[in-house]
Amino acid sequence: MNRRDMLKVLGLGTAAGAAGFGRWISAADAEEVRGRVNTRSEPSRLKITDLRVVPMYCRMNSHVIRLDTDQGIRGYGEVRDGSSATYALLLKSRVLGENPCNVDRIFRKLKQFGGHARQAGGVVAIEMACWDLAGKAWGVPCWQMLGGKFRDRIRMYADTESSPDPQVMGQRLKERRARGFTFLKMDLGIPLLRGLDGALSYPPGGDVDPYQMGSGVLHPFTGIRIAEKGLRKIAEYVGAVRDILGWDIPLAADHFGHFGIEDAVKLARVLDPFNLAWLEDMIPWFYTDQYVRLKNSCTTPILTGEDIYLKEGFLPLFEKMAISICHPDLMTSGGLLETKKIGDLAMERGIGMAMHMAGSPVGLFASLHCAAATENFLALEHHDVDTPYYDGLVDGVSKPILEKDGFIPVPDGPGLGIELNEEAVKEAIRRRGKDPKEEFFPPTDQWNAERSHDRLWSRREPRRKISNIS
């Protein structure tokens, strides 16, 4: 490192001779240093003064929160797709007056209010916004605060619209490949068997419909079975897709249907010859012993995790080596730091980490920072590659966000490295027939005084002072 670079690292805008460097730095050098310092912020005294919410209308609708501070800087976080903004709003009173730079302390205070799947939305949105604020206050990107980068660019994988015709599906995936993606995913399972006599058996007339993927009946309790004819049909479909797409690119599969572990094993074995990258969420994530049975029955990697909250939720799967790859969604798993911890726990056991992501650019860039800082990371999902206005929702990074080779550069700007493009967000609101005056970060004062007795363990409360009665 030369003297000029040393001065920049130290942030010196005064005489270099005073520090023993033997010469004065130029006015241009000093101005460059000053340009990187947030003179409006005193991080040790930063306080949260408000929390507001705006809907983000992308392919998978979500909400973005904004944390305002007493020093004029703002931080953004995302409540996961399909969740409710209420999960974040009910926590507003618990973070007002807090210093957002104390990210871990705030997270530990709030994490009792989160839960698996969409229930984690509010806790994670605040954690994400605190990282954004801390980075902006201190002038460093989130990946640096997480310990630094393992990579400068993040490999993205794209889900692809389904088709029952393997020729159409193969061409759609081939188009993804032509756009530069080096990792792909498709939906695959018993919906392909609709109308094929002798492919399935199931008890009709109740709550079970094998072709409705949103069925609320858990897999072991549906009575759905896949016959040999159905297995052959699915195998023929995947073989035709592979022949069109090519056998040299990773291709993962998801959304198989609600059937029990025995049929999951049968299907996994049938799919082994097609060298798929992974089989995703074949059964609910909390059936750890069934995952052990599934993983040991085939040679295709088994993956789950997008609905799991906190590292403790992943531990049973890790300890029993029940999966080959974990798949947290940062907006459910606990945020940037918790997801990095999940990746590190997985790595200790030789388990890789891919990341689920179906949100706005705010959630995308939070996931990018975490992926950059996690060593065993494989690929990050992108659900909005076909949404034309997606990139315009944020500023501060190069466009297009997704480069031609299927990677996204990790930003070097402070915090998440982005700012909302307010006009683009308002236009997305108008596009849905809504009024930006009503939906764009309206006041949330009604949540300022929300209170409850939040303690999780028995402790002596401070005794109230009672004045003497005369």
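Quick rundown of the values:
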item	result
Qualifying residue in region 229-239 (condition: at pLDDT 95 or above, within 22 Å of L294 (Cα to Cα) and β-branched (V, I, T))	yes
So E98, is it at pLDDT 95 or above and acidic (D, E)	yes
Count - residues of region 339-382 that are in contact (Cβ under 8 Å) with a residue 40 or more places away in the chain, part of a loop (DSSP other than H, G, I, E, B) and closer than 19 Å to L303 by Cα	3
Some residue of region 161-174 being within 20 Å of the chain's Cα centre (by Cα), at pLDDT 95 or above and part of a loop (DSSP other than H, G, I, E, B)	no
So E280, is it in contact with a Phe, Trp or Tyr (Cβ under 9 Å, 6 or more places away or on another chain), touching a residue at least 12 places away in the same chain (Cβ under 8 Å) and not aliphatic (A, V, I, L, M)	yes
Residue that is farthest from M282 (Cα to Cα) [pool: residues in region 196-227 that are in contact with a Phe, Trp or Tyr (Cβ under 8 Å, 6 or more places away or on another chain) and not polar (S, T, N, Q)]	V208
Candidates W138, W131, W143, filtered to the one that is in contact with a helix residue (DSSP H, G or I) (Cβ under 6 Å, 6 or more places away or on another chain) and surrounded by fewer than 20 Cβ atoms within 10 Å (Cβ to Cβ)	W138
Residue within region 435-451 that is outside any helix (DSSP H, G or I), at pLDDT below 95 and surrounded by fewer than 12 Cβ atoms within 10 Å (Cβ to Cβ) present	yes
Within region 197-228, tally of residues that are surrounded by 15 or more Cβ atoms within 10 Å (Cβ to Cβ), of a type in the set (A, V, I, L, M, F, W, C) and either within 26 Å of G170 (Cα to Cα) or not assigned by TED's automatic domain parsing to the domain that holds K174 (or both)	4
Residue in region 114-127 that is surrounded by 22 or more Cβ atoms within 10 Å (Cβ to Cβ), touching a residue at least 12 places away in the same chain (Cβ under 8 Å), closer than 22 Å to T444 by Cβ and of a type in the set (D, E) present	yes
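The values are calculated or read from the model by the stated rules, or taken from the named source; none is laboratory data. Worth saying up front: this structure is predicted, and the values here are computed from it rather than measured. In this analysis, Cβ positions are derived from the backbone assuming ideal geometry, glycine residues included, and neighbour counts consider all displayed protein chains.
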